[in-house]
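The values are calculated or read from the model by the stated rules, or taken from the named source; none is laboratory data. As the structure is a computational prediction, the values presented were derived from the model and not from experiment. Ideal geometry is used to build each Cβ from the backbone, glycine not excepted, and the neighbour counts take in all protein chains shown.
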Amino acid sequence: MTQPWSSGYVADIAYIEGFYVQQSPARMALACLSGNVAVDFPGPDDSACYLELGCGCGIGALLTAASNPRWQVTAIDYNPAHIAIGAGLARAACIENIRFLEADLAQLAASREADLVPAADFVSLHGLWSWVGGDVRAGIVRLLGAKTRPGALVHVSYNALPAWQGAIGLQRLVYEAGRRSSGRSDLQAQVGLALAREIKEAGGKYLTESALAAELVDSTATMSHEYLSHEYMTANWAPSFHADVAAMMAQAKLDWTASANPLENFPELMLTPEQRAVMDRHKDPILRELIKDMCLPRQLRHDVFVRGARRLRNAERDAAIAQLTVVPVVTPGELQTRIQVPAGLAEMGEPLKTMMAAALRGPAKIGDLLALAPGRSNPVELVSVLVASQQCQIAMRADSAQPESANRLNRVLGRRVQSLAEARTVSGLASSRLGTGLAAPPLVQFIAARLLDGEREDKAEAWIETLSADIAPEKRDTVRSIVHTAVEQRVPILRRLHIVPD
(Lines give C-alpha, C1' and ligand atoms only; values in the text may rest on other atoms or scores of the structure.)
Protein backbone atom coordinates (compact mmCIF):
# COMPACT_ATOMS: atom_id res chain seq x y z
CA MET A 1 0.00 0.00 0.00
CA THR A 2 1.20 3.51 -0.68
CA GLN A 3 1.97 5.90 2.15
CA PRO A 4 -0.25 8.99 2.64
CA TRP A 5 2.66 11.27 1.72
CA SER A 6 3.82 9.30 -1.33
CA SER A 7 1.46 10.84 -3.93
CA GLY A 8 0.72 7.40 -5.32
CA TYR A 9 4.34 6.27 -5.56
CA VAL A 10 5.32 3.00 -3.88
CA ALA A 11 7.07 3.87 -0.62
CA ASP A 12 6.34 1.02 1.78
CA ILE A 13 9.05 -1.26 0.40
CA ALA A 14 12.54 -0.27 -0.73
CA TYR A 15 13.47 -0.69 -4.37
CA ILE A 16 16.02 -3.30 -5.45
CA GLU A 17 19.68 -2.40 -5.15
CA GLY A 18 21.24 -2.31 -8.59
CA PHE A 19 23.90 -0.80 -10.79
CA TYR A 20 23.11 0.26 -14.36
CA VAL A 21 26.14 1.06 -16.51
CA GLN A 22 24.08 3.37 -18.76
CA GLN A 23 24.20 5.85 -15.87
CA SER A 24 27.98 6.14 -16.04
CA PRO A 25 29.54 9.38 -17.29
CA ALA A 26 31.64 7.52 -19.88
CA ARG A 27 28.55 5.85 -21.37
CA MET A 28 26.78 9.22 -21.58
CA ALA A 29 29.84 10.70 -23.29
CA LEU A 30 29.98 7.86 -25.82
CA ALA A 31 26.33 8.46 -26.69
CA CYS A 32 27.05 12.12 -27.37
CA LEU A 33 30.03 11.37 -29.57
CA SER A 34 28.03 8.73 -31.44
CA GLY A 35 25.45 11.43 -32.09
CA ASN A 36 28.14 13.82 -33.42
CA VAL A 37 28.01 16.03 -30.34
CA ALA A 38 31.13 17.37 -28.58
CA VAL A 39 31.79 16.34 -24.97
CA ASP A 40 33.74 18.11 -22.23
CA PHE A 41 35.16 15.00 -20.63
CA PRO A 42 36.77 15.56 -17.21
CA GLY A 43 40.50 14.92 -17.08
CA PRO A 44 41.97 12.39 -14.65
CA ASP A 45 42.53 15.02 -11.96
CA ASP A 46 39.55 17.26 -12.72
CA SER A 47 36.59 17.74 -10.43
CA ALA A 48 33.00 17.36 -11.60
CA CYS A 49 29.47 17.22 -10.19
CA TYR A 50 27.20 14.20 -10.65
CA LEU A 51 23.49 14.28 -9.79
CA GLU A 52 21.12 11.32 -9.59
CA LEU A 53 17.38 11.91 -9.31
CA GLY A 54 15.33 9.04 -7.94
CA CYS A 55 18.49 7.36 -6.65
CA GLY A 56 16.74 4.52 -4.82
CA CYS A 57 19.15 2.96 -2.35
CA GLY A 58 21.98 4.90 -3.96
CA ILE A 59 24.25 2.12 -5.21
CA GLY A 60 25.03 3.82 -8.54
CA ALA A 61 25.67 7.17 -6.88
CA LEU A 62 27.91 5.55 -4.26
CA LEU A 63 29.94 3.74 -6.93
CA THR A 64 30.37 7.03 -8.79
CA ALA A 65 31.47 8.89 -5.66
CA ALA A 66 33.89 6.19 -4.53
CA SER A 67 35.39 5.87 -8.02
CA ASN A 68 35.82 9.64 -8.38
CA PRO A 69 36.91 11.04 -4.98
CA ARG A 70 37.51 14.53 -6.46
CA TRP A 71 33.90 14.76 -7.63
CA GLN A 72 30.80 15.95 -5.80
CA VAL A 73 27.89 13.52 -5.99
CA THR A 74 24.32 14.37 -4.99
CA ALA A 75 21.69 11.61 -4.75
CA ILE A 76 18.03 12.57 -4.32
CA ASP A 77 14.99 10.43 -3.57
CA TYR A 78 11.51 10.99 -2.17
CA ASN A 79 11.54 7.85 -0.01
CA PRO A 80 13.30 8.38 3.35
CA ALA A 81 14.02 4.63 3.61
CA HIS A 82 16.06 4.83 0.40
CA ILE A 83 17.99 7.83 1.68
CA ALA A 84 18.64 6.10 5.01
CA ILE A 85 20.03 3.01 3.27
CA GLY A 86 22.28 5.00 0.95
CA ALA A 87 23.51 7.35 3.66
CA GLY A 88 24.19 4.38 5.93
CA LEU A 89 26.36 2.72 3.29
CA ALA A 90 28.20 6.02 2.72
CA ARG A 91 28.93 6.29 6.45
CA ALA A 92 30.06 2.67 6.68
CA ALA A 93 32.50 3.20 3.80
CA CYS A 94 33.48 6.75 4.87
CA ILE A 95 32.51 8.17 1.47
CA GLU A 96 32.68 11.91 2.11
CA ASN A 97 32.04 13.33 -1.37
CA ILE A 98 28.39 12.26 -1.59
CA ARG A 99 25.27 13.94 -0.22
CA PHE A 100 21.96 12.10 0.08
CA LEU A 101 18.94 14.39 0.02
CA GLU A 102 15.33 13.46 0.75
CA ALA A 103 13.21 15.78 -1.37
CA ASP A 104 10.01 16.08 -3.39
CA LEU A 105 11.12 16.66 -6.98
CA ALA A 106 7.81 18.33 -7.78
CA GLN A 107 8.79 21.21 -5.46
CA LEU A 108 12.57 21.03 -5.10
CA ALA A 109 13.58 23.54 -7.80
CA ALA A 110 11.66 26.36 -6.06
CA SER A 111 12.66 25.41 -2.51
CA ARG A 112 15.50 26.49 -0.25
CA GLU A 113 16.79 22.91 -0.38
CA ALA A 114 17.76 23.52 -4.00
CA ASP A 115 20.73 25.51 -2.71
CA LEU A 116 22.18 22.18 -1.51
CA VAL A 117 22.29 20.88 -5.07
CA PRO A 118 25.39 22.02 -7.01
CA ALA A 119 25.19 22.63 -10.76
CA ALA A 120 25.79 19.27 -12.41
CA ASP A 121 28.04 18.06 -15.22
CA PHE A 122 26.31 14.67 -15.34
CA VAL A 123 22.74 13.77 -14.36
CA SER A 124 20.94 10.43 -14.38
CA LEU A 125 17.28 9.45 -13.93
CA HIS A 126 16.88 5.68 -14.18
CA GLY A 127 13.25 4.55 -14.43
CA LEU A 128 11.93 7.47 -12.40
CA TRP A 129 10.24 9.21 -15.33
CA SER A 130 7.82 6.31 -15.86
CA TRP A 131 6.71 6.06 -12.24
CA VAL A 132 5.85 9.63 -11.27
CA GLY A 133 3.00 12.00 -12.07
CA GLY A 134 2.97 15.01 -14.34
CA ASP A 135 3.69 17.44 -11.50
CA VAL A 136 6.87 15.56 -10.63
CA ARG A 137 7.97 15.40 -14.27
CA ALA A 138 7.46 19.14 -14.57
CA GLY A 139 9.46 19.64 -11.36
CA ILE A 140 12.26 17.49 -12.74
CA VAL A 141 12.43 19.66 -15.85
CA ARG A 142 12.54 22.83 -13.74
CA LEU A 143 15.35 21.38 -11.63
CA LEU A 144 17.32 20.33 -14.72
CA GLY A 145 16.88 23.81 -16.12
CA ALA A 146 18.27 25.32 -12.94
CA LYS A 147 20.95 22.78 -12.04
CA THR A 148 22.68 21.68 -15.25
CA ARG A 149 25.72 23.50 -16.54
CA PRO A 150 26.18 24.33 -20.24
CA GLY A 151 27.54 21.16 -21.80
CA ALA A 152 26.06 18.92 -19.09
CA LEU A 153 24.97 15.40 -20.04
CA VAL A 154 21.65 13.96 -18.83
CA HIS A 155 20.66 10.28 -18.95
CA VAL A 156 16.93 9.48 -18.81
CA SER A 157 15.61 5.93 -18.95
CA TYR A 158 11.89 5.22 -19.19
CA ASN A 159 9.28 2.69 -20.28
CA ALA A 160 8.85 3.41 -23.96
CA LEU A 161 5.92 3.54 -26.32
CA PRO A 162 4.76 1.95 -28.52
CA ALA A 163 6.57 -1.16 -27.18
CA TRP A 164 4.81 -1.00 -23.78
CA GLN A 165 1.41 -0.50 -25.42
CA GLY A 166 0.73 -4.22 -25.26
CA ALA A 167 1.15 -4.29 -21.47
CA ILE A 168 -0.71 -1.16 -20.38
CA GLY A 169 -3.80 -3.23 -19.62
CA LEU A 170 -1.76 -5.74 -17.63
CA GLN A 171 -0.30 -3.03 -15.42
CA ARG A 172 -3.74 -1.56 -14.81
CA LEU A 173 -5.16 -4.97 -13.92
CA VAL A 174 -2.37 -5.70 -11.44
CA TYR A 175 -2.65 -2.23 -9.91
CA GLU A 176 -6.45 -2.25 -9.52
CA ALA A 177 -6.60 -5.80 -8.14
CA GLY A 178 -3.63 -5.23 -5.88
CA ARG A 179 -4.78 -1.97 -4.31
CA ARG A 180 -8.08 -3.57 -3.36
CA SER A 181 -6.24 -6.19 -1.28
CA SER A 182 -4.48 -5.73 2.03
CA GLY A 183 -0.81 -5.76 2.91
CA ARG A 184 2.33 -4.14 1.58
CA SER A 185 2.66 -3.19 -2.05
CA ASP A 186 4.80 -6.24 -2.87
CA LEU A 187 2.02 -8.50 -1.57
CA GLN A 188 -0.57 -6.47 -3.47
CA ALA A 189 1.41 -6.90 -6.69
CA GLN A 190 1.41 -10.66 -6.19
CA VAL A 191 -2.38 -10.62 -5.77
CA GLY A 192 -2.75 -8.70 -9.02
CA LEU A 193 -0.33 -10.93 -10.92
CA ALA A 194 -2.09 -14.04 -9.64
CA LEU A 195 -5.34 -12.69 -11.09
CA ALA A 196 -3.59 -11.97 -14.38
CA ARG A 197 -2.36 -15.58 -14.54
CA GLU A 198 -5.87 -16.86 -13.84
CA ILE A 199 -7.29 -14.76 -16.66
CA LYS A 200 -4.59 -15.92 -19.04
CA GLU A 201 -5.20 -19.58 -18.15
CA ALA A 202 -8.91 -18.99 -18.76
CA GLY A 203 -8.10 -17.83 -22.29
CA GLY A 204 -8.56 -14.11 -21.74
CA LYS A 205 -8.11 -12.55 -25.16
CA TYR A 206 -5.89 -9.65 -24.08
CA LEU A 207 -3.49 -11.74 -22.02
CA THR A 208 -3.19 -14.47 -24.62
CA GLU A 209 -3.09 -12.50 -27.88
CA SER A 210 -0.85 -9.66 -26.69
CA ALA A 211 2.62 -11.18 -26.97
CA LEU A 212 4.17 -8.76 -24.50
CA ALA A 213 1.43 -9.12 -21.90
CA ALA A 214 1.52 -12.91 -22.18
CA GLU A 215 5.29 -12.95 -21.83
CA LEU A 216 5.25 -10.63 -18.81
CA VAL A 217 2.60 -12.64 -17.01
CA ASP A 218 4.88 -15.68 -17.22
CA SER A 219 8.22 -13.96 -16.57
CA THR A 220 7.07 -12.06 -13.49
CA ALA A 221 6.93 -15.34 -11.56
CA THR A 222 10.71 -15.23 -11.17
CA MET A 223 11.21 -11.47 -10.84
CA SER A 224 12.13 -9.58 -7.68
CA HIS A 225 9.10 -8.71 -5.56
CA GLU A 226 10.62 -5.29 -4.89
CA TYR A 227 10.86 -4.55 -8.61
CA LEU A 228 7.34 -5.79 -9.30
CA SER A 229 5.81 -3.63 -6.59
CA HIS A 230 7.47 -0.48 -7.95
CA GLU A 231 6.72 -1.32 -11.59
CA TYR A 232 3.09 -2.30 -11.17
CA MET A 233 1.76 -0.67 -8.00
CA THR A 234 2.53 3.00 -8.59
CA ALA A 235 -0.57 5.06 -9.24
CA ASN A 236 1.12 7.27 -11.83
CA TRP A 237 2.71 4.54 -13.97
CA ALA A 238 2.88 5.72 -17.57
CA PRO A 239 5.13 4.79 -20.51
CA SER A 240 6.16 7.61 -22.87
CA PHE A 241 6.88 8.32 -26.50
CA HIS A 242 10.43 9.51 -27.11
CA ALA A 243 9.13 12.62 -28.86
CA ASP A 244 7.21 13.66 -25.73
CA VAL A 245 10.21 13.17 -23.43
CA ALA A 246 12.42 15.11 -25.84
CA ALA A 247 9.89 17.94 -25.96
CA MET A 248 9.82 18.23 -22.17
CA MET A 249 13.60 18.10 -21.89
CA ALA A 250 13.82 20.89 -24.46
CA GLN A 251 12.14 23.14 -21.89
CA ALA A 252 15.34 22.79 -19.84
CA LYS A 253 17.45 23.57 -22.94
CA LEU A 254 18.40 19.91 -23.26
CA ASP A 255 18.92 18.43 -26.73
CA TRP A 256 18.54 14.73 -27.41
CA THR A 257 21.73 13.15 -28.77
CA ALA A 258 21.60 9.35 -28.90
CA SER A 259 21.00 6.15 -26.93
CA ALA A 260 23.24 5.08 -24.04
CA ASN A 261 22.93 1.56 -25.49
CA PRO A 262 25.50 1.95 -28.29
CA LEU A 263 24.20 -0.56 -30.83
CA GLU A 264 20.80 1.15 -30.84
CA ASN A 265 22.50 4.02 -32.69
CA PHE A 266 23.24 1.73 -35.66
CA PRO A 267 20.12 1.32 -37.83
CA GLU A 268 21.83 -1.41 -39.88
CA LEU A 269 21.95 -3.57 -36.74
CA MET A 270 18.50 -2.64 -35.45
CA LEU A 271 16.34 -2.59 -38.59
CA THR A 272 15.76 -4.66 -41.69
CA PRO A 273 16.78 -3.18 -45.07
CA GLU A 274 13.14 -2.41 -45.83
CA GLN A 275 12.69 -0.60 -42.51
CA ARG A 276 15.89 1.39 -43.01
CA ALA A 277 14.71 2.45 -46.45
CA VAL A 278 11.61 3.99 -44.88
CA MET A 279 13.56 5.71 -42.10
CA ASP A 280 16.24 7.03 -44.45
CA ARG A 281 13.67 9.08 -46.34
CA HIS A 282 13.41 11.29 -43.26
CA LYS A 283 16.11 13.54 -41.78
CA ASP A 284 14.44 14.82 -38.61
CA PRO A 285 16.07 12.89 -35.73
CA ILE A 286 12.94 12.75 -33.57
CA LEU A 287 10.86 11.33 -36.41
CA ARG A 288 13.61 8.84 -37.23
CA GLU A 289 13.55 7.62 -33.63
CA LEU A 290 9.77 7.23 -33.75
CA ILE A 291 10.08 5.15 -36.91
CA LYS A 292 12.74 3.05 -35.21
CA ASP A 293 10.53 2.57 -32.14
CA MET A 294 7.65 1.49 -34.38
CA CYS A 295 9.91 -1.29 -35.69
CA LEU A 296 11.64 -2.42 -32.48
CA PRO A 297 10.42 -4.11 -29.29
CA ARG A 298 12.28 -1.46 -27.27
CA GLN A 299 10.46 -1.44 -23.93
CA LEU A 300 13.06 0.63 -22.07
CA ARG A 301 14.83 3.60 -23.65
CA HIS A 302 18.11 4.99 -22.32
CA ASP A 303 18.25 8.48 -23.83
CA VAL A 304 21.12 10.93 -23.41
CA PHE A 305 20.55 14.69 -23.63
CA VAL A 306 23.04 17.54 -23.61
CA ARG A 307 22.59 21.14 -22.52
CA GLY A 308 23.82 22.94 -25.60
CA ALA A 309 24.66 20.55 -28.43
CA ARG A 310 27.89 21.45 -30.24
CA ARG A 311 27.78 19.54 -33.47
CA LEU A 312 30.81 17.68 -34.79
CA ARG A 313 31.70 16.73 -38.33
CA ASN A 314 32.29 13.02 -38.86
CA ALA A 315 36.07 13.48 -38.97
CA GLU A 316 36.02 15.39 -35.68
CA ARG A 317 33.82 12.73 -34.08
CA ASP A 318 36.11 9.94 -35.28
CA ALA A 319 39.20 11.74 -33.99
CA ALA A 320 37.61 12.15 -30.55
CA ILE A 321 36.55 8.50 -30.35
CA ALA A 322 39.99 7.33 -31.49
CA GLN A 323 41.41 8.89 -28.31
CA LEU A 324 39.13 6.84 -26.04
CA THR A 325 40.73 3.98 -24.11
CA VAL A 326 38.84 0.75 -23.53
CA VAL A 327 39.63 -1.89 -20.93
CA PRO A 328 38.40 -5.48 -21.06
CA VAL A 329 35.87 -6.66 -18.51
CA VAL A 330 35.99 -10.28 -19.67
CA THR A 331 38.95 -12.60 -20.19
CA PRO A 332 40.40 -13.25 -23.69
CA GLY A 333 38.90 -16.75 -23.62
CA GLU A 334 35.41 -15.24 -23.39
CA LEU A 335 35.71 -13.33 -26.67
CA GLN A 336 32.38 -13.18 -28.53
CA THR A 337 32.38 -12.17 -32.20
CA ARG A 338 28.76 -13.10 -32.95
CA ILE A 339 26.24 -10.71 -31.40
CA GLN A 340 22.46 -11.12 -31.45
CA VAL A 341 20.74 -7.91 -32.53
CA PRO A 342 17.15 -7.14 -33.60
CA ALA A 343 18.11 -7.34 -37.27
CA GLY A 344 19.56 -10.84 -36.75
CA LEU A 345 22.86 -12.43 -35.76
CA ALA A 346 25.71 -10.01 -36.43
CA GLU A 347 28.91 -11.85 -37.37
CA MET A 348 32.01 -9.72 -37.01
CA GLY A 349 34.36 -9.69 -40.01
CA GLU A 350 38.00 -10.74 -39.69
CA PRO A 351 39.42 -7.21 -39.26
CA LEU A 352 36.94 -6.49 -36.47
CA LYS A 353 37.66 -9.85 -34.84
CA THR A 354 41.37 -9.00 -34.81
CA MET A 355 40.72 -5.66 -33.14
CA MET A 356 38.32 -7.17 -30.60
CA ALA A 357 40.82 -9.87 -29.65
CA ALA A 358 43.49 -7.20 -29.16
CA ALA A 359 41.12 -5.13 -27.03
CA LEU A 360 40.67 -8.05 -24.62
CA ARG A 361 44.43 -7.97 -24.02
CA GLY A 362 44.14 -4.21 -23.27
CA PRO A 363 43.82 -1.50 -22.10
CA ALA A 364 44.03 -0.02 -25.59
CA LYS A 365 43.18 3.18 -27.38
CA ILE A 366 40.55 2.85 -30.09
CA GLY A 367 42.96 4.51 -32.55
CA ASP A 368 45.66 1.92 -31.82
CA LEU A 369 43.19 -0.91 -32.33
CA LEU A 370 42.14 0.55 -35.68
CA ALA A 371 45.79 0.62 -36.74
CA LEU A 372 45.77 -3.19 -36.60
CA ALA A 373 43.46 -3.22 -39.64
CA PRO A 374 44.97 -0.77 -42.17
CA GLY A 375 42.41 0.79 -44.45
CA ARG A 376 39.56 0.20 -42.02
CA SER A 377 38.49 3.30 -40.11
CA ASN A 378 35.19 3.14 -38.26
CA PRO A 379 35.92 4.02 -34.64
CA VAL A 380 32.23 4.44 -33.78
CA GLU A 381 31.46 0.87 -34.86
CA LEU A 382 34.46 -0.60 -33.05
CA VAL A 383 33.88 1.09 -29.69
CA SER A 384 30.13 0.47 -29.88
CA VAL A 385 30.56 -3.26 -30.50
CA LEU A 386 33.13 -3.63 -27.72
CA VAL A 387 31.03 -1.73 -25.19
CA ALA A 388 27.57 -2.94 -26.18
CA SER A 389 28.66 -6.59 -26.14
CA GLN A 390 29.77 -6.03 -22.51
CA GLN A 391 33.30 -7.15 -23.32
CA CYS A 392 34.92 -3.76 -22.68
CA GLN A 393 34.18 -0.51 -20.91
CA ILE A 394 35.57 2.94 -21.54
CA ALA A 395 38.37 3.86 -19.15
CA MET A 396 38.21 7.34 -17.71
CA ARG A 397 41.65 6.92 -16.10
CA ALA A 398 43.48 4.06 -17.80
CA ASP A 399 46.50 4.26 -15.49
CA SER A 400 44.83 5.31 -12.26
CA ALA A 401 45.52 3.65 -8.94
CA GLN A 402 42.47 2.57 -6.98
CA PRO A 403 41.63 5.16 -4.27
CA GLU A 404 40.97 4.07 -0.71
CA SER A 405 37.38 5.33 -1.02
CA ALA A 406 36.75 2.66 -3.66
CA ASN A 407 38.41 -0.05 -1.57
CA ARG A 408 36.32 0.89 1.46
CA LEU A 409 33.04 0.79 -0.43
CA ASN A 410 33.91 -2.49 -2.15
CA ARG A 411 34.67 -4.05 1.25
CA VAL A 412 31.35 -2.84 2.65
CA LEU A 413 29.39 -4.17 -0.33
CA GLY A 414 31.21 -7.52 -0.35
CA ARG A 415 31.02 -8.14 3.37
CA ARG A 416 27.22 -7.99 3.22
CA VAL A 417 27.16 -11.14 1.06
CA GLN A 418 26.65 -14.18 3.28
CA SER A 419 25.14 -16.77 0.96
CA LEU A 420 24.65 -17.57 -2.70
CA ALA A 421 21.03 -18.31 -1.87
CA GLU A 422 20.36 -14.60 -1.32
CA ALA A 423 18.12 -13.17 -4.04
CA ARG A 424 19.89 -9.96 -5.01
CA THR A 425 20.25 -8.24 -8.34
CA VAL A 426 23.59 -7.58 -10.01
CA SER A 427 25.22 -4.64 -8.29
CA GLY A 428 28.75 -3.36 -8.79
CA LEU A 429 32.25 -2.66 -7.57
CA ALA A 430 33.82 0.80 -7.63
CA SER A 431 36.64 1.31 -10.15
CA SER A 432 38.67 4.48 -10.52
CA ARG A 433 39.95 3.30 -13.90
CA LEU A 434 36.39 3.07 -15.20
CA GLY A 435 35.23 6.15 -13.31
CA THR A 436 32.13 4.16 -12.40
CA GLY A 437 31.17 0.69 -11.29
CA LEU A 438 32.03 -2.68 -12.73
CA ALA A 439 28.88 -4.79 -12.88
CA ALA A 440 29.33 -7.56 -10.32
CA PRO A 441 26.96 -10.17 -8.88
CA PRO A 442 27.03 -10.79 -5.12
CA LEU A 443 29.55 -13.65 -5.48
CA VAL A 444 32.12 -11.40 -7.18
CA GLN A 445 31.53 -8.69 -4.56
CA PHE A 446 32.17 -11.31 -1.87
CA ILE A 447 35.41 -12.46 -3.53
CA ALA A 448 36.61 -8.86 -3.99
CA ALA A 449 36.07 -8.09 -0.30
CA ARG A 450 37.97 -11.21 0.76
CA LEU A 451 40.90 -10.36 -1.52
CA LEU A 452 40.89 -6.77 -0.24
CA ASP A 453 41.06 -8.19 3.29
CA GLY A 454 44.32 -9.94 2.36
CA GLU A 455 43.06 -13.44 1.62
CA ARG A 456 44.16 -15.33 -1.52
CA GLU A 457 42.37 -17.57 -3.98
CA ASP A 458 43.64 -20.68 -2.19
CA LYS A 459 40.98 -19.89 0.42
CA ALA A 460 38.25 -20.72 -2.10
CA GLU A 461 37.19 -23.88 -0.26
CA ALA A 462 36.60 -21.85 2.91
CA TRP A 463 34.64 -19.34 0.86
CA ILE A 464 32.49 -22.16 -0.49
CA GLU A 465 31.67 -23.31 3.04
CA THR A 466 30.59 -19.80 4.02
CA LEU A 467 28.49 -19.22 0.91
CA SER A 468 26.71 -22.59 1.00
CA ALA A 469 25.87 -22.76 4.70
CA ASP A 470 22.14 -22.59 3.96
CA ILE A 471 22.25 -24.55 0.69
CA ALA A 472 21.20 -28.20 0.44
CA PRO A 473 24.17 -30.62 0.54
CA GLU A 474 23.34 -32.07 -2.86
CA LYS A 475 23.85 -28.62 -4.39
CA ARG A 476 27.29 -27.98 -2.83
CA ASP A 477 29.10 -29.22 -5.94
CA THR A 478 27.22 -26.65 -8.00
CA VAL A 479 28.32 -23.93 -5.59
CA ARG A 480 31.91 -25.20 -5.80
CA SER A 481 31.83 -25.02 -9.60
CA ILE A 482 30.35 -21.50 -9.59
CA VAL A 483 32.95 -20.20 -7.13
CA HIS A 484 35.93 -21.71 -8.96
CA THR A 485 34.68 -20.38 -12.30
CA ALA A 486 34.33 -16.90 -10.79
CA VAL A 487 37.86 -17.09 -9.37
CA GLU A 488 39.25 -18.21 -12.73
CA GLN A 489 37.39 -15.71 -14.93
CA ARG A 490 36.61 -12.68 -12.79
CA VAL A 491 39.60 -12.27 -10.49
CA PRO A 492 41.98 -11.50 -13.40
CA ILE A 493 39.60 -8.70 -14.43
CA LEU A 494 39.43 -7.36 -10.87
CA ARG A 495 43.23 -7.26 -10.79
CA ARG A 496 43.52 -5.63 -14.21
CA LEU A 497 41.21 -2.86 -13.03
CA HIS A 498 43.10 -2.57 -9.72
CA ILE A 499 39.89 -3.35 -7.82
CA VAL A 500 41.87 -5.99 -5.87
CA PRO A 501 45.62 -6.17 -5.30
CA ASP A 502 47.94 -8.30 -7.44
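Which residues, taken from the range 173-199, are part of a helix (DSSP H, G or I) and in contact (Cβ under 8 Å) with a residue 60 or more places away in the chain?
Scanning the range 173-199 gives Y175, R179, S185, D186, Q188.
For the range 250-366, please list each of the helices (runs of 4 or more DSSP H) lying entirely inside it that holds at least 1 residues being of a type in the set (K, R).
Details: elements: 267-270, 273-279, 285-295, 314-322, 350-359.
Passing ranges, in order: 273-279, 285-295, 314-322, 350-359.
Which residue pairs have Cβ atoms under 6 Å apart, sit 6 or more places apart or on different chains, and have a first residue in the range 215-235 that is over 20 Å from G18 (Cα atoms) and a second that is surrounded by 22 or more Cβ atoms within 10 Å (Cβ to Cβ) and aromatic (F, W, Y)?
none
What number of residues within the range 66-88 are among the aliphatic types (A, V, I, L, M) and under 20 Å from the mean Cα position of the chain (by Cα)?
Here the count works out to 6.
Give me the residue from the range 477-488 that is touching a helix residue (DSSP H, G or I) at 6+ places or on another chain (Cβ under 7 Å) and of a type outside the set (V, I, T) and, out of that set, surrounded by the most Cβ atoms within 10 Å (Cβ to Cβ).
A486
Exactly one condition in (1) modelled with pLDDT of 95 or more; (2) at negative phi; (3) touching a strand residue (DSSP E or B) at 6+ places or on another chain (Cβ under 8 Å) is not met by E96; state its number.
The one condition E96 does not meet is (3).
Assigned to a helix (DSSP H, G or I) and of a type in the set (S, T, Y): is that true of S384 in this structure?
Criteria met by S384.
Report whether or not A373 is closer than 23 Å to E334 by Cα, surrounded by fewer than 20 Cβ atoms within 10 Å (Cβ to Cβ), more than 23 Å from the chain's Cα centre (by Cα) and not assigned by TED's automatic domain parsing to the domain that holds S432. Break it down into steps so the answer makes sense when it comes.
Details: closer than 23 Å to E334 by Cα: yes; surrounded by fewer than 20 Cβ atoms within 10 Å (Cβ to Cβ): yes; more than 23 Å from the chain's Cα centre (by Cα): yes; not assigned by TED's automatic domain parsing to the domain that holds S432: yes.
Yes, satisfied.
Within the range 219-238, can you find the residues that are more than 18 Å from the chain's Cα centre (by Cα) and not in a helix (DSSP H, G or I)?
Matches in the range 219-238: M233, T234, A235, N236, W237, A238.
Can you tell me which residue within the range 214-255, out of those that are out of contact with any Leu (no Cβ under 8 Å at 6 or more places or on another chain) and among the β-branched types (V, I, T), is surrounded by the fewest Cβ atoms within 10 Å (Cβ to Cβ)?
Step by step, filter the range 214-255, then rank; the result is T222.
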